[in-house]
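K.L.:
Sending over a structure as structure tokens; questions will come in a sec.
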Amino acid sequence: MDINRDDLKKPEFWAIVSPAALLLIGLIVMFNMHSVRADSESKLRTAKKVVTNAKELLQITKKSGFDLMTESNLEDFETLTSMMKCATAAKIPDGNIQHIAGEKPKKQRDGKMLYRERFELHNVRMEQIGLFVDYAENNYNSLSCNSISITPFSNKSNKDRWNTTVQFEHVK
């Protein structure tokens, strides 16, 4: 069957071709909508998991004594007193933290000085390490942790004990 230009001008031709073309378009749209629905259901499941995880994190932080919903008052970083506050917040005994002499301060382009401070934490749990760094970064101006090295503490009875070296940077 050959279709020529004259056939395209006849209404009978379009009466046959139009329903078939519309049916084909409808099937394509229906197939695409099915894949969109599956994708949206997947994203909904992911969003529900995120909400559940966020609720669990809030419960854990409340148990730890931190309230994430209040604004923290940022203080200027003073090496020893600030780290002792961090240790207290993380429930690390005074004898388990040691300040290691920091590097010589470096002058930055804006005229401020960049300080690097290192601390050793001995015989601490992994949770205490996280609380120590979290408290420091959230409560002091321009303080950030740029290095953590963790080695196992030589205690066979308790496996969650670590020796840690934490390096902070701050600008004054």
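The values are calculated or read from the model by the stated rules, or taken from the named source; none is laboratory data. Computed from a predicted model, the values in this text were never measured in an experiment. Neighbour counts run over all protein chains shown; Cβ positions are idealised from the backbone, glycine included.
K.L.:
Go through the range 121-161 residue by residue and tally those that are of a type outside the set (S, T, Y), buried (at least 16 other Cβ atoms within 10 Å of the Cβ) and in contact with a Leu (Cβ under 8 Å, 6 or more places away or on another chain).
P.N.:
Looking only at that region, the number is 5.
K.L.:
Determine the pairs where a residue that is modelled with pLDDT under 85, located within the range 1-16, has a partner that is assigned to a helix (DSSP H, G or I) and of a type in the set (S, T, Y) with Cβ atoms under 6 Å apart, the partner being 6 or more residues away or on another chain.
P.N.:
Here the result reads none, with nothing in the range 1-16 linked to a residue that is assigned to a helix (DSSP H, G or I) and of a type in the set (S, T, Y).
For every residue, the table says whether it meets (1) in contact with a helix residue (DSSP H, G or I) (Cβ under 8 Å, 6 or more places away or on another chain); (2) of a type in the set (D, E); (3) under 18 Å from E169 (Cβ atoms).
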site: S42; (1), (2), (3): no, no, no
site: K48; (1), (2), (3): no, no, no
site: L57; (1), (2), (3): no, no, no
site: I92; (1), (2), (3): yes, no, no
site: Q98; (1), (2), (3): no, no, no
site: A101; (1), (2), (3): no, no, yes
site: Q108; (1), (2), (3): no, no, yes
site: L114; (1), (2), (3): no, no, yes
site: R118; (1), (2), (3): no, no, yes
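K.L.:
Among A38, A87, which is in a helix (DSSP H, G or I), in contact with a helix residue (DSSP H, G or I) (Cβ under 9 Å, 6 or more places away or on another chain) and not charged (D, E, K, R)?
P.N.:
Working: A38 fails: in contact with a helix residue (DSSP H, G or I) (Cβ under 9 Å, 6 or more places away or on another chain).
None of the others qualify; the one that does is A87.
K.L.:
For the range 116-149, name all the residues that are over 27 Å from P105 (Cβ atoms) and part of a strand (DSSP E or B). Quick ask: steps written out before the conclusion?
P.N.:
Filtering the range 116-149 for residues over 27 Å from P105 (Cβ atoms) gives 123-128, 130-131.
The answer is N123, V124.
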